[in-house]
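Enquirer: Handing you this structure, nothing more for now.
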Amino acid sequence: TIQTVLARRIWDSRGRPTIEVEVLNADGTSGLGIAPAGASRGSREAVELRDGGERFGGRDVQQALAGIAREIAPALVGRDAADQAGIDAMLIALDGTPTKSRLGGNALIATSLAVLHAAAAQARLPLWRYLAQGRDVRLPLPQIQIFGGGAHAGRRVDIQDFMVIATGAESFSQALEMTAEVYRAAGELMQERGALAGVADEGGWWPSFRRNEEALDTLVAAIERAGYVPGEQVAIALDIAASEFGHGGRYRLALENEELDSDGLCERLVRWVERYPIVSIEDPLAEDDEAGLVAFTRAVGDRVQVVGDDYLVTSAPRVRSAAAAGACNCVLIKPNQAGTVTETRAALDAAKALGYATIVSARSGETEDVAIVHLATGWDAGQLKVGSFARSERMAKWNEGVRLQTRPAPPSGYAGRGALARRR
Ligand code: PGA
Ligand code: ZN
C-alpha cells in the first residue's frame, strides 16, 4: 500500500523546472517518476501546467506541485500501487478536463510513472520485467540523432532530427557501437568543414548547413567514413516535425527560402526517399494535414516507415482514426503526450492491434530518468528514440539498455531491423 506521496521541483536537461513524484510504499519500497518536456509539441497533447509570469521564463511548476499535495497525494494514500489502471482512472477523473489542464499533464505523468515504479519495486522486479508479465520481450531497435535541427537548434535548419538506425546490428549494444562511430565521424566532418558549433538540445551536432539536403549528404558521408555501407548496415531516419513549419497545407522551408504546398513537400520527401538510404520518416506533413499524411503513406508506406508523432499524440482514438484514413504505419509513443501510463499503453496496444509499428520516445527536455527504456523493452515496442549519442540525459537511457542486455536473465532478444514498419 502507498503510504506517502512526495512531489518536488527538479530541473530538466534545458535547465528548466520539472516535476518529480516519489511514491513510498508501506513495505519500504518506492518509485520515482519524472515529467519530461517537449519543445515541438502536438496541439492535442496533454497540457503542461506551468505558472506563467516572470520566474524561470514562466515555466515554474508550483501550481502543479500544489495540486499534487492538495488533491493527488491524499487520494493515493492507502491504495495499492499495483492497481495502475484504477489509479490512472482516478487521476483522470480528479483532473476532470479533457486535456488534463487543471492538475497538469506534467503532474499526472510524473505521478503515474512513480506509481508504476513503486509497483515494480513492490513486486521486487526490474520495471521492464514487471511490465513483461512473463511474456518474452525484446530490447528495442535504437533510432539515434546525429544532427539536431528545427525547434531544438534555434530553427537553424527546418528538419528537426537527422538520425541513423544501425540496421546491420545484431544486438542493442552493437547498434550503439555502430552509432558511436557514425556520430564521431559526423563530428570530424563538421570540424574539417569549419562547421563544428557544439550540439543541439538532444545532443546531435549543431546543424550548420546551407540546405536541408546538405545535412543528408553529410550524414551519408559520415556513415561511409565510419566504415559502414549506407542503407545496408546503417540507414537514415528523419523527423521532419512538419507542424513546426507548416499549417493549412502551406510549408515554409526557411533554409531554402521556399514555400511548398502539401503535394510539394510530399514530392520533396519522396525524392529524398529515392535518393538517400532512408528507412523512417516522422511527421512528414503537419498534424492538421491528414490528406497529406495519407498521400505520403500511399506513396512510400510500402518502402519506408511513416511515423505519426504530433499527428497521433499517443492517443488510442487518434491511432484508430488514422488507421481508418490510411495515414502512417508507425506510432510514436510518448507517455507525457497521453498523461498517464494506462493511456500510453492503450495507444501502444491500439497501434499493435492495427498492424502499426511502435517507437517509445523521449522528449527534447529530459532528465536522468530511464523509465522509457523499460517501457520500450517491457512492452516489446520494438523501437526506441531518445535523441543523440551525447549528453548524459540521453546516454543514461542508452546505458540502461546495455545494463538490461548484460545483467543475468536479460530480455529474450533484440528486436533489430525487423521492428521497422514496411507496409500497410
Ligand atoms: P519534442 O521533440 O520532445 O521537442 O516534442 C521530439 C520529437 O518531435 O519527436
Ligand atoms: Zn517528432
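The values are calculated or read from the model by the stated rules, or taken from the named source; none is laboratory data. Small disclaimer: the values here were computed from a predicted structure and weren't measured. No Cβ is skipped: glycine too gets one built from the backbone with ideal geometry, and neighbour counts run over all protein chains shown.
Enquirer: Would you mind finding the one in ALA85, ALA73 that is in contact with a helix residue (DSSP H, G or I) (Cβ under 6 Å, 6 or more places away or on another chain) and either modelled with pLDDT of 95 or more or away from ligand 2 (no atom under 16 Å from the Cβ) (or both)? Show your work before the answer.
Expert: Working: ALA73 fails: in contact with a helix residue (DSSP H, G or I) (Cβ under 6 Å, 6 or more places away or on another chain).
Being in contact with a helix residue (DSSP H, G or I) (Cβ under 6 Å, 6 or more places away or on another chain) and either modelled with pLDDT of 95 or more or away from ligand 2 (no atom under 16 Å from the Cβ) (or both) holds for just one of ALA85, ALA73, which is ALA85.
Enquirer: When only residues in segment 64-76 that are surrounded by 15 or more Cβ atoms within 10 Å (Cβ to Cβ) and touching a residue at least 40 places away in the same chain (Cβ under 8 Å) count, which is nearest to ligand 1 (Cβ to nearest atom)?
Expert: If we take residues in segment 64-76 being surrounded by 15 or more Cβ atoms within 10 Å (Cβ to Cβ) and touching a residue at least 40 places away in the same chain (Cβ under 8 Å), then ALA64 is nearest to ligand 1 (Cβ to nearest atom).
Here's the yes/no breakdown for (1) among the β-branched types (Val, Ile, Thr); (2) under 14 Å from the mean Cα position of the chain (by Cα); (3) under 29 Å from ALA110 (Cβ atoms):
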residue	(1), (2), (3)
GLY301	no, no, no
ALA322	no, no, yes
PRO335	no, yes, yes
ALA346	no, no, yes
ASP369	no, yes, yes
ILE372	yes, yes, yes
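Enquirer: State which residue is nearest to ligand 1 (Cβ to nearest atom) when the search covers only segment 405-424 and only residues that are out of contact with any helix residue (DSSP H, G or I) (no Cβ under 6 Å at 6 or more places or on another chain) and part of a helix (DSSP H, G or I).
Expert: Selected residue: ALA419.
Enquirer: Just for helices (runs of 4 or more DSSP H) wholly inside segment 289-404: which have at least 2 residues that are among the hydrophobic types (A, V, I, L, M, F, W, C)? Please lay out each step first, then the result.
Expert: On the way: elements: 290-300, 316-325, 335-338, 341-353, 371-378.
Correct list: 290-300, 316-325, 341-353, 371-378.
Enquirer: Taking SER40 as the residue in question, decide whether it is within 16 Å of ligand 2 (Cβ to nearest atom) and more than 17 Å from GLU20 (Cα to Cα).
Expert: Judged against the criteria, SER40 is a match.
Enquirer: Just for segment 377-389: of the residues that are crowded, with 24+ Cβ neighbours inside 10 Å and either among the charged types (D, E, K, R) or within 16 Å of ligand 2 (Cβ to nearest atom) (or both), which one is farthest from TRP205 (Cα to Cα)?
Expert: ALA381
Enquirer: Please specify each residue of segment 357-374 satisfying the condition of being in contact with a helix residue (DSSP H, G or I) (Cβ under 7 Å, 6 or more places away or on another chain) and not polar (S, T, N, Q).
Expert: Across segment 357-374, the qualifying residues are ALA357, VAL360, ALA362, ARG363, GLU366, GLU368, VAL370, ALA371, ILE372, VAL373, HIS374.
Enquirer: Just to be sure I understand the filter: pairs with C-beta atoms under 8 Å, separated by 6 or more residues or on different chains, first member in segment 357-371 and more than 11 Å from ligand 1 (Cβ to nearest atom), second member assigned to a loop (DSSP other than H, G, I, E, B) and among the small types (Gly, Ala, Ser). Which pairs pass?
Expert: What qualifies is ALA357/ALA421; THR358/ALA381; VAL360/ALA381; THR367/SER13.
Enquirer: Another question, if that's okay. Go through (1) more than 21 Å from GLY134 (Cα to Cα); (2) in contact with a His (Cβ under 8 Å, 6 or more places away or on another chain); (3) not hydroxyl-bearing (Ser, Thr, Tyr) for ALA371 and report which single condition fails.
Expert: Unmet for ALA371, out of (1) more than 21 Å from GLY134 (Cα to Cα); (2) in contact with a His (Cβ under 8 Å, 6 or more places away or on another chain); (3) not hydroxyl-bearing (Ser, Thr, Tyr): (1).
Enquirer: I've got another one for you. Has segment 23-37 got at least one residue that is among the charged types (D, E, K, R), within 23 Å of GLU343 (Cβ to Cβ) and surrounded by fewer than 22 Cβ atoms within 10 Å (Cβ to Cβ)?
Expert: Checked segment 23-37: no residue is among the charged types (D, E, K, R), within 23 Å of GLU343 (Cβ to Cβ) and surrounded by fewer than 22 Cβ atoms within 10 Å (Cβ to Cβ).
Enquirer: With respect to ILE109, determine if the residue is surrounded by 22 or more Cβ atoms within 10 Å (Cβ to Cβ), assigned to a strand (DSSP E or B), in contact (Cβ under 8 Å) with a residue 24 or more places away in the chain and of a type in the set (A, V, I, L, M).
Expert: Values: surrounded by 22 or more Cβ atoms within 10 Å (Cβ to Cβ): yes; assigned to a strand (DSSP E or B): no; in contact (Cβ under 8 Å) with a residue 24 or more places away in the chain: yes; of a type in the set (A, V, I, L, M): yes.
No; evaluated as a whole, the condition is false for this residue.
Enquirer: Any residue at all in segment 210-224 that is more than 30 Å from MET395 (Cβ to Cβ) and of a type outside the set (Gly, Ala, Ser)?
Expert: Within segment 210-224, the first condition is being more than 30 Å from MET395 (Cβ to Cβ), and the residues that meet it are 210-211.
With of a type outside the set (Gly, Ala, Ser) added as a condition, the list becomes 210-211.
Looking for residues that are more than 30 Å from MET395 (Cβ to Cβ) and of a type outside the set (Gly, Ala, Ser), one finds at least one in segment 210-224, hence yes.
Enquirer: Quick test for you: out of VAL61, VAL47, pick the one residue that is over 19 Å from the mean Cα position of the chain (by Cα), surrounded by 15 or more Cβ atoms within 10 Å (Cβ to Cβ) and among the aliphatic types (A, V, I, L, M). It would help to see each step written out before you state the result.
Expert: Working: VAL47 fails: over 19 Å from the mean Cα position of the chain (by Cα).
None of the other options fit; the residue is VAL61.
Enquirer: Further question: Hey, GLY38 hits all of (1) away from ligand 1 (no atom under 13 Å from the Cβ); (2) out of contact with any strand residue (DSSP E or B) (no Cβ under 6 Å at 6 or more places or on another chain); (3) under 18 Å from ILE372 (Cβ atoms) but one; which does it fall short on?
Expert: Going through (1) away from ligand 1 (no atom under 13 Å from the Cβ); (2) out of contact with any strand residue (DSSP E or B) (no Cβ under 6 Å at 6 or more places or on another chain); (3) under 18 Å from ILE372 (Cβ atoms) one by one, GLY38 breaks only (1).
Enquirer: Given GLU232, GLU202, which one is closer than 22 Å to PRO142 by Cβ, in contact (Cβ under 8 Å) with a residue 24 or more places away in the chain and either in contact with an Asp or Glu (Cβ under 6 Å, 6 or more places away or on another chain) or surrounded by fewer than 16 Cβ atoms within 10 Å (Cβ to Cβ) (or both)?
Expert: On the way: GLU202 fails: either in contact with an Asp or Glu (Cβ under 6 Å, 6 or more places away or on another chain) or surrounded by fewer than 16 Cβ atoms within 10 Å (Cβ to Cβ) (or both).
After applying the criteria, what remains is GLU232.
Enquirer: Right, PRO142: assigned to a loop (DSSP other than H, G, I, E, B) and either surrounded by 24 or more Cβ atoms within 10 Å (Cβ to Cβ) or out of contact with any Leu (no Cβ under 9 Å at 6 or more places or on another chain) (or both) or not? Steps first, answer last, please.
Expert: Values: assigned to a loop (DSSP other than H, G, I, E, B): no; either surrounded by 24 or more Cβ atoms within 10 Å (Cβ to Cβ) or out of contact with any Leu (no Cβ under 9 Å at 6 or more places or on another chain) (or both): yes.
It is false that PRO142 is assigned to a loop (DSSP other than H, G, I, E, B) and either surrounded by 24 or more Cβ atoms within 10 Å (Cβ to Cβ) or out of contact with any Leu (no Cβ under 9 Å at 6 or more places or on another chain) (or both).
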